[in-house]
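The block underneath contains the structure these notes are about, expressed in structure tokens.
We did not get these values from a lab; they are worked out from the coordinates using the rules stated. Here the structure is a predicted model, which means the values were calculated and not measured. All Cβ positions, even for glycine, are placed from backbone atoms using ideal geometry, and neighbour counts span all protein chains on display.
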Amino acid sequence: MVNPNLKVHDIYTKNIKVNDIERVSWTRLRLTAHSLAVEKGRWNRLGRGRLPMEERLCPCGLVQTEAHAIESCPLSLHLRNMYNITTVGELFARIEYNNVCAIIHKILAIYD
Ligand SMILES: [Zn+2]
């Protein structure tokens, strides 16, 4: 969904000015190395092993996937409205990389 062609992004090969902390958040989302429930549920070891997908919940009560956090969660609604975000694909297709990294950093911070 985030990188369907599995290409190395220009941000890693060209001299693009991006805040490093925000770029790390962006990379974490691309690699699914974030703390959203959809991933944390994969390595939940609280005596239950992996959580079933339907138990990987957001505080809003729905399954917390990357798409949920970016596209539909009420907790990130203010950021969607502020930055006119429609879909994950649309957000990652934007060429203002520094803005995209900052937006993703702010979205992931909601759920940390
Ligand atoms: Zn939610």
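Relative to the current alpha-carbon distance between Thr32 and Ala109, full extension at 0.36 nm per residue lengthens the span by 26.2 nm. Counting charges near Thr87 (Lys, Arg +1; Asp, Glu -1) among other residues having Cβ under 15 Å from its Cβ returns a value of -1. Kirkwood radius and radius of gyration were both taken over the C-alpha atoms of the range 61-112, and their ratio Rg/Rh is 0.93. When the Karplus curve 6.51 cos²θ - 1.76 cosθ + 1.60 is applied with θ = phi - 60°, which whole-Hz ³J(HN,Hα) does each residue of the range 95-112 get, with x for Gly and Pro? Rounded to whole hertz, the list is 9, 7, 4, 5, 5, 4, 4, 5, 4, 5, 4, 5, 5, 5, 4, 4, 9, 6. Inter-label distance, Tyr83 to Lys17: 1.9 nm, where each label sits 7 Å from its Cα along the C-beta direction.
With helices as the sole contributors, the chain gives -11000 deg cm²/dmol at 222 nm; each DSSP H run of n ≥ 4 counts as -39500 (n - 2.57), and the sum is divided by every residue.
At 20 °C and 1.002 mPa s, grab the translational diffusion coefficient of the chain from Stokes-Einstein with a Kirkwood Rh over Cα pairs, rounded to a whole number in µm² per second.
146
Close amide H pairs (under 5 Å, H built 1.01 Å from N) link Leu57 with Gln64, residues at least 5 positions away or on another chain.
For Pro59, neighbours were defined as the other residues whose beta-carbon sits under 15 Å from its Cβ, and their charges (Lys and Arg +1, Asp and Glu -1) total 0.
The label point for Arg42 and the one for His9, both projected 7 Å from the Cα toward the Cβ, are 1.7 nm apart.
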